[in-house]
Amino acid sequence: MRLLKDADGKYILGDPAAAVEPRLFGLPVVPTKAMNAGSFLVGNFAEAATIYDRWQARIEVGYVNDDFVRNLCTILAEERLALAVKNPQALTYGNFAG
């Protein structure tokens, strides 16, 4: 979208060579490799979904099997979260016309 031009040949969203924070219509743009090129997801994420934190991040350090003899240490780090989409109407997904 940063490369779109108007009828006069001017860039609609500003010069693409300028180092600016990616924003569109005053909202932050988050690039991701999780979506295909030409696709978009727009929404009010605070209204659409809730993150439930079952327990806070925890880290455990210890020895497993022969780790002590081999001068190794095992580290386990985990956090349990759940994402519940309660209002899917607050999200819009689609593809740009090519």
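Only the coordinates and a few stated rules stand behind these numbers; no lab work does. These numbers come from a predicted model, not from an experiment. So basically every Cβ, Gly included, is an ideal-geometry build from the backbone, and we count neighbours across all protein chains shown.
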Check your understanding: At 222 nm, what helix-only mean residue ellipticity would the chain give, in deg cm²/dmol to the nearest 500, using -39500 (n - 2.57) for each DSSP H run of four or more?
Key -> -500 deg cm²/dmol
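Using packing as a proxy for protection, rank 43-55, 5-17 so that the peptide with the highest average count of other Cβ atoms within 10 Å comes first. Before the final figure, lay out the partial values.
Details: 43-55: 11.3, 5-17: 9.5.
Descending mean neighbour count gives 43-55, 5-17.
As an exercise, use a Förster radius of 30 Å and the Cβ-Cβ distance of M35 and R58 to find the FRET efficiency, rounded to the nearest 0.05.
Working: r = 32 Å, r/R0 = 1.05.
It comes to 0.45.
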Check your understanding: Just the C-alpha atoms of the chain: what Rg/Rh do they give, with Rh taken as the Kirkwood radius?
Key -> 1.22
